[in-house]
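The values are calculated or read from the model by the stated rules, or taken from the named source; none is laboratory data. What you see is a predicted model, and the numbers here were worked out from it, not measured in a lab. Positions of Cβ are generated from backbone atoms using ideal geometry, with glycine treated the same way; all protein chains shown enter the neighbour counts. Quick note on the areas: whole protein, heavy atoms, side chains included, nothing else; ligands and nucleic acids left out. Shrake-Rupley method; radii C 1.70, N 1.55, O 1.52, S 1.80 Å.
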Amino acid sequence: MRLKWLLFSSLVILIHSVNGQDSKYTLSGYIKDASNGESLIGATAYLVELGQGVASNEYGFYSISIPEGTYTVEFAYLGLQTIQQQINLDQNQTLNIELTDIATELNQVVVTGEAEDRNVTDIEMSVNKLDMTTIKSIPSLLGEVEVIRSLQLLPGVTTVGEGASGFNVRGGSIDQNLVLLDEAPVFNSAHLFGFFSVFNPDAVKDVKLYKGGIPARYGGRISSILDVRMKEGNTKDFTMNGGVGFIFSRLALEAPIVKDKASFIVAGRRSYIDVLAKPFLNEDLAGSILNFYDLTLKANYNINEKNRVYISGYFGRDNFGFGEAAGFNWGNSTGTIRWNHLFSEKLFSNFTFFYSDYDYKINFGDDASNKFSWNANIENFSFKPEFTYFINPKNILRFGGQSIVYTFEPGNAIGVSEGEFSDVSLDKKHAIESAVYLDMEQDLSPAISLNYGLRLSHFNYTGSGNAYTFAPTIAGKRRTPIDIKTYDQWESIQTYLNLEPRFSLKWQVSPEASIKTSYNRTSQYIHLISNTTASTPVDVWTPSTNNIKPQLGDQVALGYFRNLQNNTYELSTEIYYKKMQNLVDYIDGADLLLNEYLEGDLLSGKGRAYGLEIQAKKNKGHFTGWISYTLARTERLVEGINGDAWYPSRYDQLHNFSISGFYDLSERWSLSGTFVYNTGTPTTFATSRYEQQGYVVPHNANDTRNNVRIPDYNRLDLSATLKGKKKKDNDRWIGDWVFSIYNVYNRRNPFSIYFQQQSERVLADQPTSTQAIKLSVVGSFIPSVSYNFKFQ
């Protein structure tokens, strides 16, 4: 309670100290795209006479308070026409702006959709934003636009291999990334075991990744925040977008409900691998299912100048079935309701309520007397009030809070054998996570800008359920339970409280260059339990408990940013160091599935990650693109593992290099290509073996962990796009053909390496032969053709 009063008192003092007492008026409003009515995130409103400006927030709202006078206001957004407007500010004014397209000879790809020099002038660092035009231009598997794979071309972002779900940021695991879709968390961001993401490109407006310098309004994960914002729907006219590819098709419809006041978008996708394969399946597999689908929808209504509401949702599922004998499916469901309210021209608020659920189901057996079924899920509800106070052009204050109610169902499993039922289900777990935050963005001078804030997070692990106490044992060995205590519904079992300071500083060395530094502490209270090479859909989420402490992360970063030739080129260099505490690890031979005493098989350790990230971009001209390089290490230290010495984590890659290029060959033809090279990831091999009655038993004599690396990874992808051409001026249908080749030079990149012994009988007194088997998820080049269309 004292901490909350301290935050409130600091808020009042801060507002009073920076607001001043001189008479000022406020210019505010929304900045939108004139072609479809979509709000523009990060558009700028710049006062020419004062040399000051502000950027629009996630809802396109801007506010700037200045002394009375006549000003020239310049509104800008990259790729749209900049406009200037004279205003006589003698009272508070509302000025809503719509920016139109720039008529260009060729449609040039841009890496970001914000101000041209914002990478240098903005205080944000360790942040990447990809425009959807760029994402759609990147060559991809089977020609399908891919958000997550596009992020893996950026510095500091990696994956453990093809077919791996999610992504890794600066040495973190995939559960250390908070993936948000319209502010609702998505717990599994992949379709088809990682080959495609859950984000329909036709419904996505903005993609922003925070690798460091994380603002205080975000929390819950220690590595990164991926904030994906959906389109709001065209408020001007009906439009239809879609595409037809080798394995799935998609369709998106958007239109005004009330023109310029309310609109909607509905976007769906479905794969049809099972439909195409059906004629070739034998009788035993005739009923096989192999598909995924998703539905994304959103509606918004502008009640009046002070109130807007948004409703959005996502529903997706992957289905795998092999006849009637076995089945496996998983999926996400999210729903978000948001209310924007203007308390005044300076005070913007957003109230969010969301629901998110991830579940999976497994079943075996088509005989009622012999079968097995298992389902699990993580479900949460949240309420989040947020406020932004635009004090003046040099000071912006953000404050708010959040509360999340979790329900974890680790396993509801029923087996039937010869008619005998066996229930091996685990009890549900419950928790409540809450936070309040305060964040100040301040320009101390034309050269120095600060962003500082504090987040106070609280976690309450509650009943109903059992809490276990385990006996101490030798480090690295299984612990056995010695006491069990039962708790009633919502009775507190264990609580945690953490202060999370955040700080960023920018020094504008020149109009073209800046130096930035940042520090952030983050806390993570939920954990993904997985000891496989890559995460799988059946991995289990669990809360922090009396035996599992919350993960803590501390990261510092320093960077130099420079633009050249009128912002045509961008150069950025960052170094970072991240320290992690209470990381979840596992004893050798840990039993993770349907284990009531799972916590006895878990270990707690420390981690560190450090590296250098370099990126060079070309943003203008017929040829655009970027080069990214990361030199990094990520290591773990766990008592009882690897001789109590530091060892490389599963996500450690020393070198990570990529090139992405886009070339406009003509008005209709464009070319693109990407090349990726990564150091191989670590894995554990046996150092010796035993032979017993012709069987080989591998043995790790030194108990080392991740003692070898699989071979390095590299791949080249190419694509060509033939843009549609209108036959008549009033022709509303435009279609593009995309021709692509994934893995051009047919490299079989290893995902993992395992060993097997010879199948033939071994002669007496002869050693048993073993061989290493390289598993490649993609074993050849993959050509594809897809057709994308738009009707407007």
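A compact table of results
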read-out: Heavy atoms of H527 accessible to a 1.4 Å probe, total area in Å² rounded to 10; value: 0 Å²
read-out: Apportionment of accessible area to carbon and sulfur, the chain, percent (1.4 Å); value: 56 percent
read-out: Nearest-ten-degree value, helix 2-19 long axis tilted from longest Cα axis of the chain; value: 30 degrees
read-out: Residue list for segment 675-714, given a label point 7 angstrom along the Cα-to-Cβ vector of T768 and an amide N cut-off under 19 Å; value: 685-701
read-out: Cβ-derived FRET efficiency at R0 56 Å, V266 paired with D588, nearest 0.05; value: 0.65
read-out: Virtual spin-label span in nm between Y452 and F322, 7 Å along Cα→Cβ; value: 6.0 nm
read-out: Euclidean distance of C-alpha centroids, segment 768-786 and segment 473-500, integer Å; value: 44 Å
read-out: Mean separation of Cα contacts under 8 Å (6+ apart) over length of segment 554-704, as relative contact order %; value: 16 percent
read-out: K371-F781 pseudo-label distance in nm [points 7 Å out on the Cα-to-Cβ vector]; value: 4.8 nm
read-out: Extension gain, L50 back to V275 (0.36 nm per residue minus Cα-Cα distance, nm); value: 74.7 nm
read-out: Relative contact order, percent, the chain [alpha-carbon distance under 8 Å, six or more residues apart]; value: 10 percent
read-out: Segment E491-D644, length gained on full extension (0.36 nm per residue, minus Cα span); value: 51.3 nm
read-out: Partner lysines for K371 [C-alpha distance under 28 Å; skip if fewer than 8 residues away on the same chain]; value: K278, K361, K428, K429
read-out: Nearest-20 debye value, the chain charge dipole, Cβ charges on Lys, Arg, Asp, Glu; value: 1220 debye
read-out: Cβ-Cβ FRET estimate between L571 and E667, R0 fixed at 30 Å, reported to 0.05; value: 0.45
read-out: Most to least packed among 50-56, 148-154 [average Cβ atoms within 10 Å]; value: 148-154, 50-56
read-out: Label-point gap, in nm, between S417 and D90 - each point 7 angstrom along Cα→Cβ; value: 8.9 nm
read-out: Cα centroid of segment 191-214 to Cα centroid of segment 589-614, whole Å; value: 25 Å
read-out: 222 nm mean residue ellipticity, helices alone, for the chain (DSSP H n ≥ 4; -39,500 (n - 2.57); rounded to 500); value: -1500 deg cm²/dmol
read-out: Set K477/K579; K606/K774; K32/K211; K32/K617; K549/K579 screened for pairs whose C-alpha atoms are more than 21 Å apart; value: K477/K579; K606/K774; K32/K211; K32/K617
read-out: Net length gained if the chain between F791 and E68 were fully extended (0.36 nm per residue, minus Cα distance); value: 255.6 nm
read-out: I257 - accessible surface, heavy atoms, 1.4 Å probe, Å² rounded to 10; value: 110 Å²
read-out: Efficiency of FRET between T532 and A471 - r from beta-carbon atoms, R0 22 angstrom, step 0.05; value: 0.20
read-out: Segment 363-485: relative contact order in percent, alpha carbon pairs under 8 Å with at least 6 residues between; value: 20 percent
read-out: Above-threshold pairs, the threshold being 28 Å between Cα atoms, out of K236/K725; K205/K236; K129/K259; K384/K618; value: K129/K259; K384/K618
read-out: 1.4 Å probe accessible area per residue over the chain, in Å²; value: 43 Å²
read-out: Charge-dipole axis of the chain as Lys and Arg at +1 and Asp and Glu at -1 on Cβ define it, positive-most pick from N304, G69, Q615; value: G69
